[in-house]
Structure formats: structure tokens, C-alpha cells
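To start, the structure itself, in C-alpha cells.
The values are calculated or read from the model by the stated rules, or taken from the named source; none is laboratory data. These figures come from a predicted structure and were not determined experimentally. Don't worry about glycine lacking a Cβ; one is built from the backbone with ideal geometry, like all the others, and counts go over all protein chains shown.
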Amino acid sequence: MQPTIVLVDDESAIVSILEEFLTDEGYTVVSFSSGAMLMAYLTQQIPQLILTDANLPDMHGGSIGSQLAVNQATSGIPIIVMSGYNAQALDLDDYAGSFLAKPFDLDYLLLLIKQLLHRPTNNAVP
């Protein structure tokens, strides 16, 4: 079964590129344009990884990580926060996920995803 990656970004061009790339690499990709849509999805499904923009219209990428961390069903989902800003400017100190600066190399993203999906502390349901 293909791992499911949830992609959350309000920039349609980025979503299109990443959806195509990740699908070609064998992942199932579910995309949303807001944090609220992600949170609604997580009440029904648990993906193996979340790839989110840091600056969504309705939610900060770091707050997504904080919200998931307090829920036993979602606390083990690896999260990658993407942004054109550096991590210090985004105040992600309380966030226990990975940070990826835009623009980024797709091969590096793929390597990061593979590392996170195979880490021993991943409690996400396959």
C-alpha cells in the first residue's frame, strides 16, 4: 500500500508541482489549501506524513504541529513545514517537526520524506 502524504498549501502552482512529483514517486497525495481542511480530514483519516506551508491563510504551520502533538491519534505523524522565510523568523521553537526552506530541491525533499517515513518513532497508522 502506498504511503499517504497530505500536502497543505494555498499556492496552487506549488501544489501542482508537488502532487505530480510525489505521485510519480509512488505516494498517494491528498491536498488541501487550508489548515481547517486538514484538521477536518484528520478526524477521518491518518496520513503517514504531512507537508505544509508555514503561512496558510487560516493557520500557522507550527500551530498545526502543536495541535497534532496533543492528540494521541495524530502525535506520531511526521510533519514538514515549508516556507520562504527562515525557521527563526517563523518562531517554530515549540514545533517538533522538520523545516524546509523554499525554494528547495525536489530530490532533497524526497530524501527527507523517506527518512521521516522510516524513523522508528513514527506512530502513524499505515
- The lone condition LEU49 fails out of (1) out of contact with any helix residue (DSSP H, G or I) (no Cβ under 8 Å at 6 or more places or on another chain); (2) under 19 Å from HIS118 (Cβ atoms); (3) among the hydrophobic types (A, V, I, L, M, F, W, C); (4) at pLDDT 95 or above is (1)
- Those residues that are over 12 Å from LEU49 (Cβ atoms), at pLDDT 55 or above and small (Gly, Ala, Ser), I need them from segment 78-111; list them, please. SER83, GLY84, ALA101
- When both residues are 6+ apart or on different chains and their Cβ atoms are under 7 Å apart, which pairs have a first residue that lies in segment 1-30 and is touching a residue at least 40 places away in the same chain (Cβ under 8 Å) and closer than 17 Å to GLY84 by Cβ, and a second that is part of a helix (DSSP H, G or I) and not aromatic (Phe, Trp, Tyr)? LEU7/VAL15; LEU7/LEU18; LEU7/GLU19; VAL8/GLY35; VAL8/LEU38; ASP9/VAL15
- Item | Total residues in segment 52-70, condition modelled with pLDDT of 85 or more and under 20 Å from PHE104 (Cα atoms) | 4
- Message: Looking at the structure I just gave you, is GLN67 crowded, with 22+ Cβ neighbours inside 10 Å and touching a helix residue (DSSP H, G or I) at 6+ places or on another chain (Cβ under 9 Å)?
- Response: no
